[in-house]
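Below is one structure; the comments refer to it alone.
The values are calculated or read from the model by the stated rules, or taken from the named source; none is laboratory data. The model shown is predicted, which means the values in this text are computed figures rather than measured ones. A quick note on method: Cβ atoms are made from the backbone with ideal geometry, for glycine too, and the neighbour counts reach across all protein chains shown.
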Amino acid sequence: MRINIAIDGPSAAGKSTVSDHLAQLLGYVHLDTGAMYRLVAYMALKDGLGLDDEEAIVTLMKKSKMEFKDNGEIYLNGIEVSDKIRTNEISMAASTVSKNPRVREALVALQKDIAKDKGYILDGRDIGTVVLKDAEVKIYLTASAEDRAKRRMIQNAAKGLKDDYEKLLKEIKDRDYQDMHRSVSPLKKADDAIEIDTSDLSQDEVVEAIYKIVKTKI
Ligand code: DC
């Protein structure tokens with residue numbers, strides 16, 4: 001039996017990497033919903049739109065071709081932008097753009113449609129509470145802001161990017177606050193989600209813990 005898995009949590013808690021590994025183990029598809037908000041923020045900034053100009057952003061979304069491939073690659077109007085949406089500037093812009101109800105409505109509809117045949121792992125902020133309310137497995141990944149900032153430093157260093165720890169920590173805290181306090185679908189743990197604090201766990205241990213939970217359902 002194929003099921004759907006919802007993985008939510010604050011930024012840099014390891015959701016994406018863990019979801020990728022899990023998808024490989026299960027032969028499922030991982031959909032990184034944060035990348036969708038990132039793409040919309042990227043498009044809006046590229047076109048010089050205000051991030052709260054909901055009308056203009058929704059119009060731009062309608063006339064743009066947004067592609068989210070099963071292998072994680074992201075294309076805008078036929079051009080690959082997978083790396084361009086991963087900057088610190090786009091991280092905060094994605095959080096800001098995600099406050100617009102109509103942007104959320106359009107992306108949530110797309111996410112629901114993609115996952116309708118089961119066999120999907122969606123990671124984000126509102127997957128267990130809104131997008132896949134009926135997901136068979138719901139996980140809420142957490143870690144302290146300090147641990148997340150350290151992890152992000154290591155990840156970025158591996159990509160050759162230099163970061164300032166204090167700046168990164170502040171960005172993470174600001175984004176947590178914005179994502180948890182917006183009026184539409186704020187980040188929160190679904191009542192039926194299992195919380196895993198990843199602070200003292202390796203990535204493999206987190207994958208293993210979720211894999212065990214999934215195995216009880218399939
Ligand atoms: O997961 P991420 O850091 O790539 O997400 C970027 C931003 O997108 C995040 O700060 C809030 C928003 N987001 C959201 O509102 N809902 C989701 N399901 C996923 C991301």
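So the values come out like this:
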read-out: Test: residue in the range 52-62 that is outside any helix (DSSP H, G or I) and in contact with a helix residue (DSSP H, G or I) (Cβ under 8 Å, 6 or more places away or on another chain); value: yes
read-out: Identity of the residue in the range 69-81, in contact (Cβ under 8 Å) with a residue 40 or more places away in the chain and within 15 Å of the ligand (Cβ to nearest atom), that ends up nearest to the chain's Cα centre (by Cα); value: Gly72
read-out: Yes/no for Val207 being β-branched (Val, Ile, Thr), within 12 Å of the ligand (Cβ to nearest atom) and assigned to a helix (DSSP H, G or I); value: no
read-out: From the options Lys138, Lys99, Lys116, residue that is away from the ligand (no atom under 11 Å from the Cβ) and not in a helix (DSSP H, G or I); value: Lys138
read-out: So Gly50, is it away from the ligand (no atom under 16 Å from the Cβ), under 30 Å from Glu166 (Cβ atoms) and not charged (D, E, K, R); value: yes
read-out: The range 172-191 residues that are closer than 15 Å to Val103 by Cα, paired with ones that are near the ligand (Cβ under 9 Å from one of its atoms) and modelled with pLDDT of 95 or more (beta carbon under 6 Å, 6 or more apart); value: Asp179/Ser95; Asp179/Arg125; Asp179/Leu187; Arg182/Lys99; Val184/Arg104; Ser185/Asp126; Ser185/Val130
read-out: Hits in the range 24-45 - residues which are over 17 Å from Glu80 (Cβ atoms) and outside any helix (DSSP H, G or I); value: Gly27, Tyr28, Val29, His30, Leu31
